[in-house]
Amino acid sequence: MTDILIGTSGYDYPEWKGVFYPEDLPRKDFLSYYATQFNTVELNNTFYNMPTAERMQNFYDRSGGNLFFSVKANRLLTHDIDRNWQTVAEDFKNAVQPLNDKGLLSAVLFQLPQSFHYTKENRFYLSSLLQNFEGFPCAIEFRHREWIKESVFEGLDKRGTGIVFCDMPQLKNLPDGQTFATPFTGNTAYIRLHGRNADAWYAKDDSPNGSSRYDYEYSESELKEFVPVIKAAIVEGKRPQVFFNNHPKGNGSKNAKAMMEMMREREQNMAVPAVNCSRTFCT
C-alpha cells in the first residue's frame, strides 16, 4: 500500500462525525485524526481561497508529516482567468512550495470547467500555464469531452503532466471514464471518483458547494472495478492517487476505507494482471 495514495476530496466535514470522526472530536483535530486513517488528502478549499505558505505549513504540522497533499488550483487559474493570471500563479506556487520542498505535494490539481472548450486560445493558455508550473507535479481534470483525444494525451505526457480520470455520470459532454478512454499520462494515475448521481448533476442545488450532485455511495462491486486498474498502473510505473469526492453523508470516507482494504487483500492474495493503461483506462 506504500505506493498507492488513497483519500478523500476534502476532510473538514462536520457531518462526518459519527460516521468517520468520533462524535466528541473537536473540529480543529479533524486533520490530525484523518492522517491516522489515510495517507493523502485533496485540499479543495484552495479553489475558493488563495492559500498561503503559512496555511500550507499549518496543514503539514497538523498532519504530523504523515500525509501527501493534492492541492486544487485557485479558481482564478481555471474558472475566472484574466490577464493577471501569471501573478496569481506565482502567489499559488509560493504557497505550495513548502509542501513541494518536503516531497509531500503529490499534485497541483487544475480542474477546468465544462465551459473550457478545446479552442486555440484555451490550448495556448493551458500550455502557458503548465510551463509556468514547471517543477511542480500537475494534474489536469477536463470537464468537457472535447479534450479527450490523442493529441492532448501526448502533449500532457511530454510535459510529465497527469490527466485526471473522472468517474462521474454518463451525461452529455462529460468525459466520463466509463465511456471515454482516458490514459494515465505523466508519472501519476490520478483517479477522482465523483459518484454517479446523474439526476442531481445538473439540477438546481442550494446545498453548500453544490454537494447534492456528489451524494452517492459506491457499491462494493463498483469499487472492485478500479482494483485491477490501480494495480496495473503501478506495474507501468505510475503512482496511483485515488480521491473520493462523494463527500455527503461521509460516503467518501467509507468508500475510501473500503478501497484501501480491497487493495490490501489483493496485494496479499492475487498477482497483478497484465493490463495496459498507457492508452486506455482499462483494457
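Every number here is computed from the coordinates shown, using simple stated rules; none is lab data. Because the structure is a prediction, the values reported are computed rather than measured. Every residue, glycine among them, receives a Cβ derived from its backbone with ideal geometry; neighbour counts consider all protein chains shown.
Globularity index of the chain is 0.95 (Cα radius of gyration / 2.2 N^0.38 Å, N = number of residues).
Computed on the range 57-211, with alpha-carbon pairs under 8 angstrom and 6+ residues apart, the relative contact order is 17 percent.
Comparing 153, 136, 124 in a Gaussian network model of the chain (Cα springs below 10 Å), the most mobile by mean-square fluctuation is 124.
As a rough footprinting exposure proxy, the listed residues 147, 85 were ranked by other beta carbons within 10 Å of their own, and the order from fewest upward is 85, 147. The ranking of 120, 149, 254, 72 by Cβ neighbour count inside 10 Å, starting from the fewest, reads 120, 149, 254, 72.
Global dimensions of the range 1-159 from alpha-carbon coordinates: Rg and Dmax equal 16.8, 53 Å. The Cα atoms of the range 66-113 give a gyration tensor whose axes a ≥ b ≥ c have a/c of 1.5 or more with a/b no greater than b/c, which makes the shape oblate.
Residues whose amide H falls under 5 Å from that of residue 138, counting only those 5 or more places apart or on a different chain, are 108, 162, with hydrogens built in the peptide plane. By the beta-carbon count within 10 Å of each Cβ, the least crowded to most crowded order of 115, 63, fewest first, is 115, 63. Summing charges over neighbours of residue 259, with a neighbour being any other residue whose Cβ is under 15 Å away from its Cβ, gives -3 when K and R count +1 and D and E count -1.
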